[in-house]
Amino acid sequence: MNNGLARQEKIFLLLSCSFVVLLVVSNIIAGKIIAVAGVFAPAAVICYSLTFAATDTMAELWGKERTKFVVNVGFVVTIISALFIRISILMPAAPFWGHQDAFELILGGNLRIVLASLTAYLISQHHDIWAFLFWKDKTRGRHLWLRNNLSTAVSQLIDTAIFIVLAFYGTGSPLFAMIIGQYIIKLTIALCDTPLVYLLVKTISRVAASESMQAAG
C-alpha cells in the first residue's frame with residue numbers, strides 16, 4: 001500500500017502553505033506605509049495581493065470547498081499569530097535586552113491591523129471565490145484571464161476600502177489617498193500575476209493528467 005501523497009496533493013499543500021505564509025507576513029508588515037512612485041500603501045500590498053492568485057488557482061483546479069477551507073485555515077492561523085505576537089510584547093524583557101520600546105513600536109499596532117485585515121480578508125476572499133466560479137460558469141470554463149482579473153479587481157477594491165478604513169481611521173493618515181494608492185498597486189499586481197496563474201494551472205493540470213494515466217495503466 002502506498003501511503004505517500006500524490007504529486008498534485010503535494011502541490012496543493014505547497015500552494016496552501018504559501019498562501020498562509022503570505023497572509024501572516026502581510027499582517028506583520030502592514031503597519032509600515034511605503035511610497036511607490038508617489039503612491040502610498042501599506043508594505044503588505046505586494047505579498048497580500050499574491051494571495052488572490054493562489055486562491056484563483058485553487059478555485060480553478062480544486063473547486064469551491066477546498067479553496068474556502070484554505071481561506072478559513074488562513075483566518076485561524078492569522079489569529080494564532082496575532083495572539084503570540086501580543087503575548088511576546090507583554091512578556092517581561094531580559095534586563096540586558098534594551099529593545100522593548102522598538103519591538104513594541106513595530107508590532108504594538110498589530111492587533112488593530114489584524115482585526116481590520118481579518119474583516120477585510122474574510123469578506124474579500126470569499127467574494128473572490130464566489131466571483132471567480134461565477135465567471136467560470138458564465139464563460140463555460142474558458143477565458144481564465146477574464147475571470148481571474150474580474151474577480152480579483154472587485155475583491156481587491158472591497159478588501160482595500162475595508163482594511164484602510166478600519167486600520168487607519170483616526171490616525172491622521174490620508175485614507176482616500178491610501179485606498180486609491182493601494183488599489184492601483186494591487187490592480188497592477190493582479191494584471192501582472194495572470195501569467196503566473198496560467199503557469200500554475202497548466203503545470204498542475206499536467207501533473208494530474210500524468211498521475212491519472214499512470215493509475216489507469
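Per-residue packing, averaged as other Cβ atoms within 10 Å, sorts the ranges 38-45, 51-58 into the order 51-58, 38-45, beginning with the highest.
Please give me the summed charge of the neighbours of residue 157: other residues whose Cβ is under 14 Å from its Cβ, Lys and Arg +1, Asp and Glu -1. Neighbourhood net charge equals -1. Available extension along the chain between residue 154 and residue 13 is 48.1 nm, counting 0.36 nm per residue and deducting the alpha carbon span.
Given R0 = 45 Å, the distance between the Cβ atoms of residue 90 and residue 176 translates into a calculated FRET efficiency of 0.80. Straight-line cross-link partners of residue 32 among the lysines, defined as a Cα under 22 Å from its Cα and at least 8 positions apart when in the same chain: 186. Considering helices alone, the calculated mean residue ellipticity of the chain at 222 nm is -28000 deg cm²/dmol, with DSSP H runs of length four and up weighted by -39500 (n - 2.57) and normalised per residue. Each Lys and Arg adds +1 at its Cβ and each Asp and Glu adds -1 at its Cβ; summed about the Cα centre, the chain shows a dipole of about 500 debye. Once the Cβ-Cβ distance between residue 123 and residue 208 is put in as r, and R0 is 25 Å, what FRET efficiency do you end up with, to the nearest 0.05? Given R0 = 25 Å and the Cβ-Cβ separation, E is 0.20. Near the amide H of residue 40, within less than 5 Å, lie the amide hydrogens of 181, all on another chain or at least 5 residues away, with H placed in the peptide plane.
Taken along the Cα-to-beta-carbon direction at a fixed 7 Å, the label points for residue 32 and residue 199 span 2.5 nm.
The angle between the Cα long axis of helix 194-216 and the main principal axis of the chain comes to about 40°, on a 0 to 90 degree scale.
Per-residue extension of 0.36 nm, minus the Cα-Cα distance of residue 130 and residue 169, leaves a gain of 11.1 nm for this segment. Fewest neighbouring Cβ atoms within 10 Å first, the residues 9, 60, 104 line up as 9, 104, 60.
For segment 1-105, the set of trypsin sites (Lys or Arg not before Pro) satisfying both a DSSP loop assignment and a count of at most 11 other C-beta atoms within 10 Å is given as 32. Rg/Rh for the chain stands at 1.04; both radii use Cα atoms, and Rh follows the Kirkwood definition. Available extension along the chain between residue 80 and residue 145 is 19.9 nm, counting 0.36 nm per residue and deducting the alpha carbon span. Would you mind classifying segment 1-60 by shape? Square roots of the alpha carbon gyration tensor eigenvalues, ordered a ≥ b ≥ c; an a/c under 1.5 is rounded, otherwise it is prolate if a/b is larger than b/c and oblate if not. Here segment 1-60 falls in the prolate category.
Bear in mind that the values in this text are calculations on the coordinates, not laboratory data. These numbers were taken from a predicted model, which means no experiment stands behind them. Virtual Cβ from ideal backbone geometry, glycine too; neighbours counted across all protein chains shown.
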